[in-house]
Structure formats: structure tokens, C-alpha cells
Amino acid sequence: MIARHDTASGAHFAFTDRWGGVSAVPYAALNLGGAVGDDPDAVRTNRERAAKELGLDPGGVVWMNQVHGRDVAEVEGPWETAENAEAPPVDAVVTAREGLALAVLTADCTPVLLADPVAGVVGAAHAGRPGLVAGVVPAAVEAMTRLGARPERMLARTGPAVCGRCYEVPERMRDEVAAVVPEAYATTSWGTPAIDTPAGVRAQLAALGVTRWEQSSVCTLESEDHFSYRREKTTGRLASYVWWEAS
């Protein structure tokens with residue numbers, strides 16, 4: 001099942017769960033990640049199914065080779081790579097091309113989707129703990145502004161991700177993250193140190209003037225309808241999509 005959110009201004013956001021695909025256990029069933037050990041044919045079929053359900057060209061979606069960094073790529077279309085070659089290592093993509101869908105893969109990290117419908121500019125970022133600290137979200141917003149977007153006009157949505165009540169980490173790690181993004185400081189529901197990545201993302205967006213946002217209520221660790229690396233280790237990947245079309 002795909003949760004889709006369309007706006008009157010032409011911005012489109014979509015988030016998958018794990019159901020409706022053809023992958024076998026432990027990737028069952030709608031695994032959209034191509035670098036997790038799943039059968040490539042199954043991943044290709046899953047990506048085609050998801051795209052068609054969204055009314056998108058399966059071959060026209062921009063995917064990333066995510067490495068937990070802060071590099072951003074401005075794109076005009078899918079990567080022109082040789083067969084089986086990986087896309088460049090980036091953790092955010094932005095575009096001003098109408099109808100071009102950008103996708104981010106996650107299984108606990110926070111997918112961040114951004115759109116300025118007035119400028120016709122969209123962006124997608126992969127914000128795990130390292131990316132949050134590195135500043136991938138501010139880097140994506142900055143790249144969008146270079147294309148004519150303005151933070152105060154941006155719509156932001158974060159997708160299913162592990163929540164601060166569940167993302168247990170060593171105390172030293174929590175302190176290191178909080179030194180950069182204080183709002184990410186958290187405690188688990190059982191009283192141990194934790195990181196709240198979605199809260200950190202929201203704080204970074206607000207500091208940049210992006211105040212129109214919505215956060216998914218789904219915690220991937222708690223939801224068996226979603227992939228979670230922390231829960232399952234060997235598992236699939238969810239996809240989050242953003243694109244813009246003139247209304």
C-alpha cells in the first residue's frame with residue numbers, strides 16, 4: 001500500500017509500506033532497495049508496480065546511491081549510467097523539472113521530501129543519524145534555493161522512521177548528536193539514551209525558515225507493516241517519492 005498526499009498547488013508526496021510486492025522473505029514483499037541482497041528482478045518488478053500505482057514512468061524515477069553524507073545532486077532526469085552501474089554517491093537530489101519524481105530509500109532513517117510549488121522545485125533527502133549531523137537537510141534546502149525556491153514557501157513531509165522513543169544509542173553518541181542538533185536529544189520509553197532524528201530534521205528546517213511541514217506518525221521499529229533495519233537487520237527498503245506538476 002502506498003500513502004499518497006497530493007496538494008492543490010501541484011506538489012505530490014508518496015510513501016510506501018512493505019506490502020504489495022513480489023520479493024521473498026526476508027525482503028517481503030515490496031522491497032524497493034537495490035543494494036540489500038534481494039533478487040534484482042524482484043526489485044525491478046516492485047519499482048515498476050509502485051511507479052505505475054503512482055502514475056509515474058518506472059524508468060523516469062531518480063534513485064540515489066545513499067552513503068549517509070551531505071552531498072546533493074541537481075538532476076534533470078534519471079542517471080545515465082551503464083547497465084548495473086550505481087548512481088553517484090549522494091544523499092539528496094533536487095530538480096526544477098516538472099513531473100520528474102525523486103525517490104529516497106529508508107528502513108529507519110528519516111526520508112525528507114520538500115517542494116516549492118511556486119518555483120516548481122522539489123527535493124528529497126536521506127537523513128539518518130550521520131546525515132542529520134552532517135547537514136544533508138540544510139544542504140538540500142540550499143540547493144533548492146539556488147533553483148529559485150524559497151524556504152518560506154516550501155512544503156516539507158517526513159516519512160516513516162524510527163522514533164525517538166525507540167532509537168536507543170550509547171549516551172556518548174546521543175551527546176555527540178545533540179552537540180550539533182540539540183533537538184535530537186531523546187530518551188527511550190524505557191529510560192535509556194536515544195536520538196530523535198525526525199525532531200532534529202524539523203529543527204533544522206525551522207531554522208532555515210521552512211515551517212510548513214508534516215511528520216509521519218509511523219515508527220518503523222514499532223510497525224510490522226514497514227521495514228526496519230534495527231528490528232530485522234536483513235530486510236527491504238521503503239521508498240518516499242516527491243514530484244511537482246502544474247495544476
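Listed by position, the strands (runs of 3 or more DSSP E) contained in the range 114-215 that have at least 2 residues being touching a residue at least 60 places away in the same chain (Cβ under 8 Å) and among the β-branched types (Val, Ile, Thr) are 121-127. For residue 68, the test of being surrounded by fewer than 21 Cβ atoms within 10 Å (Cβ to Cβ), touching a helix residue (DSSP H, G or I) at 6+ places or on another chain (Cβ under 6 Å) and within 20 Å of residue 123 (Cβ to Cβ) is passed.
Screening residue 38 against (1) touching a residue at least 12 places away in the same chain (Cβ under 8 Å); (2) surrounded by fewer than 21 Cβ atoms within 10 Å (Cβ to Cβ); (3) in a loop (DSSP other than H, G, I, E, B); (4) more than 16 Å from the chain's Cα centre (by Cα) leaves a single unmet condition, (2). State all residues of the range 172-215 that are among the hydroxyl-bearing types (Ser, Thr, Tyr), in contact with a Cys (Cβ under 9 Å, 6 or more places away or on another chain) and under 24 Å from residue 124 (Cα atoms); if no residue qualifies, say none. Passing the criteria: only 197. Return yes when residue 5 is of a type outside the set (A, V, I, L, M, F, W, C), touching a residue at least 40 places away in the same chain (Cβ under 8 Å) and exposed (fewer than 15 other Cβ atoms within 10 Å of the Cβ) and no when it is not. For residue 5, the condition - of a type outside the set (A, V, I, L, M, F, W, C), touching a residue at least 40 places away in the same chain (Cβ under 8 Å) and exposed (fewer than 15 other Cβ atoms within 10 Å of the Cβ) - is met. Residues that are out of contact with any helix residue (DSSP H, G or I) (no Cβ under 6 Å at 6 or more places or on another chain), surrounded by fewer than 23 Cβ atoms within 10 Å (Cβ to Cβ), in contact (Cβ under 8 Å) with a residue 60 or more places away in the chain and assigned to a loop (DSSP other than H, G, I, E, B) within the range 219-247 comprise 223, 225, 234, 245, 246, 247, listed in sequence order.
Among the residues that make up the range 149-168, is at least one of them among the aromatic types (Phe, Trp, Tyr) and more than 17 Å from residue 238 (Cβ to Cβ)?
Within the range 149-168, not a single residue is among the aromatic types (Phe, Trp, Tyr) and more than 17 Å from residue 238 (Cβ to Cβ).
Values in this text are rule-based calculations from the coordinates and carry no lab data. A quick note: this is a predicted structure, and the numbers were derived from the prediction, not measured. Glycine also receives a Cβ, built like all others from the backbone with ideal geometry; neighbour counts cover every protein chain displayed.
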